[in-house]
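Data first, discussion second: the structure below is written as structure tokens.
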Amino acid sequence: MSADHPLAIAAFVKDQHVKHLLLGDFRRAVLPQYDALVTDPASPVFRYGKRAYFIIDRQGVVRYQKIQTNPLDLLDPQEVLKALKDSGAK
């Protein structure tokens, strides 16, 4: 889920030829519910979305989550694939 403006998401989808749905939370209504928003007013990135990874099943149950403390840290793709497999996703 991105905190970017919907037009920025649309441009990304077009530029990258993304075929799946991307979710956005420009108004920051959902991100705080998943602890995926910087809420410290003293932070230089206050109200920015955190780099976070979630696997949510078809019933809406969060099966995996990892929220990075440093936005420059990327998750190892193998960790995501393992979490997806362990979640029982088909």
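Here, each number is a calculation from the coordinates, and none is a lab measurement. Predicted model, so just to flag it, every value in this text is computed and none were measured. Note that each Cβ is placed from the backbone with ideal geometry, even for glycine, and that neighbours are counted across all protein chains shown.
Remarks
- Charging the Cβ of each Asp and Glu at -1 and of each Lys and Arg at +1, and nothing else, the dipole of the chain about its Cα centre rounds to 300 debye.
- Distances between placed amide hydrogens fall under 5 Å for S2 paired with L23, G24, D25, all partners being 5 or more residues away or on another chain.
- Structure-based [θ]222 nm, the chain - -39500 (n - 2.57) summed over DSSP H runs of at least 4, per residue, nearest 500: -7000 deg cm²/dmol
- Projecting the Cα atoms of F46, L21, Y64 onto the charge dipole of the chain (Cβ charges, centred on the Cα centre) puts L21 farthest toward the positive pole.
- Projected onto its three principal axes, the C-alpha set of the range 6-86 covers 39, 28, 27 Å, listed from the longest axis down.
- The listed peptides 63-72, 2-11, ordered by packing as a protection proxy, come out as 2-11, 63-72 (highest mean of other Cβ atoms within 10 Å first).
- With the simple spin-label model, which puts each label point 7 Å out from Cα in the Cβ direction, the Q65 to A10 separation comes to 3.1 nm.
- Candidates D15, D40, D57, ranked by Gaussian network fluctuation over the chain, Cα under 10 Å, top entry: D15
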